[in-house]
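For reference, the structure I am asking about is given below.
Only the coordinates and a few stated rules stand behind these numbers; no lab work does. From a predicted model like this one, the values you see are computed outputs, not experimental measurements. As a convention, Cβ positions derive from the backbone with ideal geometry for all residues, glycine included, and neighbour counts pool all protein chains shown.
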């Protein structure tokens, strides 16, 4: 049991755990704004007055790329049943948008640098005069700060020491969460997690196991996801792992497989193809699901009677894990017992700490992304 809301079966590997534990102790003692943002000690740069001013709005658009959007989108999808607001996310470029000129939107425009070309372009196309706008960007002169000034819009300061992919529990993710009607303080669980022996031991065990798998050239980290409401959580995870660890000819390739659909496409390769992968199973216990109509079931499949879709999904997950065990394929398995802010905050904290610790063991800087910056510079050159 990782926490009260998360059950985790760890990898069956032990390797360099002492080094990983020492790195964790050092990180927790550092004055690191990323780590601080996981705790209740972090002070968001927005206040309750701003939240109260906009929280009664119904329709929102969030415009941002990568870490400026993925964390908030993960929160919105994972906790959708609790949220009464409508959020649209613009985190890519399309050549043509269906522009809604009737609905009054509150727009959240987010970019750490304030100069992200896609965010600027989308804002230019989508913003209407009747909209209300909130910008989240660094406290310096940039395109978005100048645009906010021109529009007389609200500006929230983006913490200069927290990069986009690590920003979900800072103002970048927590202001959208508050506007969704969620309690941002419930996401902040680090203060309790560092006292939780099960959490710490599982974190260290997983970091050391993945490090050894990487050393054995198992470079593909494949998520076997059985929860459709977690698809955006793992898009966030993809960026976190790939952008943090993909340096100096090292890294992990995070691949998300959504089940049971992918049982009927790529599972054959996972089981019998090249074996340079390791796997993370992810299942949420959501027992309120549609039931099988007994009267419509043919006699050949009577075993489906009195079952619901949750029963079928859980049976498939357990069956797949059993086959992985028989074939000695390395995997770990998360089972989520509660779908709430606390549990999601614990998952964010676990994956962020795991990624930073892996960076330390791999002797790379988990906080920068130098190669991506080259594309940004060249794109600007080609457009000038």
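Highest first, please rank the peptides 70-78, 222-230, 315-323, 369-377 by the mean number of other Cβ atoms sitting within 10 Å of their residues.
Going from most to least packed, we get 70-78, 222-230, 315-323, 369-377.
With N set to the number of residues, divide the alpha-carbon radius of gyration of segment 303-384 by 2.2 N^0.38 Å and report two decimals.
Taking N as the residue count of segment 303-384, the ratio is 1.81.
Let me ask something else about it. Do me a favour and compute the ellipsoid semi-axes for segment 1-94 from its Cα gyration tensor, root of five times each eigenvalue, largest one first, whole Å.
34, 19, 15
Mind grabbing the base-10 log of I(q)/I(0) for segment 1-159 at q = 0.19, 0.21 Å⁻¹? Debye formula, identical points on the C-alpha positions, no solvent, two decimal places.
Values returned for q = 0.19, 0.21 Å⁻¹ are -1.29, -1.50.
For segment 104-222, go through all pairs of different Cα atoms, get the mean of 1/r, take its inverse, and jot down that Kirkwood value in Å.
About 17.2 Å, per the Kirkwood formula over Cα pairs.
Counting each DSSP H run of 4 or more residues in the chain as -39500 (n - 2.57), what helix-only mean residue ellipticity at 222 nm follows after dividing by all residues, to the nearest 500 deg cm²/dmol?
Calculated at 222 nm, the ellipticity per residue is -12500 deg cm²/dmol.
Tell me, what is a quarter of the convex hull surface for the C-alpha atoms of the chain, in nm² with one decimal?
Projected area, direction-averaged: 21.9 nm².
Another question, then. Which whole-percent values make up P(r) of segment 153-299 when all C-alpha to C-alpha distances are grouped in 10 Å steps starting at zero?
Calculated P(r), rounded to whole percents: 9, 25, 35, 20, 9, 2, 0.
How far is helix 341-361 tilted off the main Cα axis of the chain, in degrees rounded to 10, range 0 to 90?
80 degrees
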